[in-house]
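So the structure is just underneath, and the comments pick up after that.
The values are calculated or read from the model by the stated rules, or taken from the named source; none is laboratory data. Source: prediction; values computed, not measured. Note that each Cβ is placed from the backbone with ideal geometry, even for glycine, and that neighbours are counted across all protein chains shown.
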Amino acid sequence: MRKPVIAIDGYSSTGKSSISKIIAQRLGLVHMDTGALYRGITYFAIKNCTDAGGAIDLELLFSKLNEIKLRFEEVESELLLFLNDSDISKEIRSNEVSSQVSLIACQKAVRDFLMEAQRSIASNGGVIMDGRDIGTVVLPDADYKFFLTASLEERTKRRFLELQSMGMESNEDEVRQNLITRDKIDSTREVAPLKQAHDAILIDNSKLTKQETIGLILSYIKEF
Ligand code: DC
């Protein structure tokens, strides 16, 4: 029997990726964290496509997109992201990348560039993909769609703790502000904005643990 395609969309720091990763392990699916792809392109742009003032030069980035090869590799059960053979898994979580990624993600050229890779990985089923536009644009025919949300305070706490656990300096105000700004840009952009698909199941996990959220999602998935 064909394994399902599951789309998980929602706001930043609602646990989409870590939840998807565990569900993938439980159900034997491939997990794709699409936010990491946008972060990877942002990291490339910061390193290779800035103007004299240090700002990202979008035209330069568009002209260099064909130099970017992003791939995931599982090492000791961690999913690492490689950019042209360098492991950039930690770098893509930095505040510098977080504060610029929404600018990159609202560019149509960037979204088109990543579309094919996302669709082809799901074409044979057996995938759980998390992001912002998976259920609405990338995989509108997904077998299951979930949309995760949580209060701003709870999300701030989670992102702050995540950064701390990675040994990265940050403060809660900065993290909160970054989430507010990204929510706004992600939901109001013209191309593929963050929104709940009409047939997605809404889950507010402000008061749910990660395990409870996983249990709730699994309760909707039929045996296959
Ligand atoms: O999930 P994340 O915080 O790692 O995502 C980083 C950014 O990438 C987020 O601000 C919005 C963007 N993104 C997107 O536009 N579309 C996706 N499918 C995934 C992420």
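This table checks each residue for (1) aromatic (Phe, Trp, Tyr); (2) more than 17 Å from Thr42 (Cβ to Cβ); (3) modelled with pLDDT of 95 or more.
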residue: Leu114; (1), (2), (3): no, no, yes
residue: Ala117; (1), (2), (3): no, no, no
residue: Ser123; (1), (2), (3): no, yes, no
residue: Tyr144; (1), (2), (3): yes, yes, yes
residue: Ala150; (1), (2), (3): no, yes, yes
residue: Leu163; (1), (2), (3): no, no, no
residue: Gly167; (1), (2), (3): no, yes, no
residue: Glu174; (1), (2), (3): no, yes, no
Are any residues in segment 186-220 among the hydrophobic types (A, V, I, L, M, F, W, C), surrounded by fewer than 15 Cβ atoms within 10 Å (Cβ to Cβ) and in a loop (DSSP other than H, G, I, E, B), and if so, which ones?
Val191
Answer residue from segment 17-64, given it is over 27 Å from Ala122 (Cα atoms) and part of a strand (DSSP E or B) and is farthest from the ligand (Cβ to nearest atom) among those:
Thr50
Taking only pairs six or more apart or across chains, which ones have beta-carbon atoms under 8 Å, a first residue in segment 210-224 that is among the hydroxyl-bearing types (Ser, Thr, Tyr), and a second residue that is outside any helix (DSSP H, G or I)?
Thr213/Gly15; Thr213/Leu148; Thr213/Ile203; Thr213/Asn205; Tyr220/Tyr144; Tyr220/Phe146; Tyr220/Ile201
If you go through segment 72-107, how many residues are basic (Lys, Arg) and farther than 12 Å from Tyr38 by Cα?
1
Checked pairs for segment 105-117, first closer than 17 Å to Lys64 by Cβ, second exposed (fewer than 13 other Cβ atoms within 10 Å of the Cβ), C-beta under 8 Å and 6 or more apart or across chains, list as none
Can you confirm whether Leu79 is away from the ligand (no atom under 12 Å from the Cβ), in contact (Cβ under 8 Å) with a residue 24 or more places away in the chain and either farther than 16 Å from Glu162 by Cα or assigned to a strand (DSSP E or B) (or both)?
yes
Taking the options Phe147, Phe113, name whichever one is surrounded by 16 or more Cβ atoms within 10 Å (Cβ to Cβ), within 14 Å of the chain's Cα centre (by Cα) and more than 12 Å from the ligand (Cβ to nearest atom).
Phe147
With Arg93, Arg71 as the choices, which residue is more than 16 Å from the ligand (Cβ to nearest atom) and among the basic types (Lys, Arg)?
Arg71
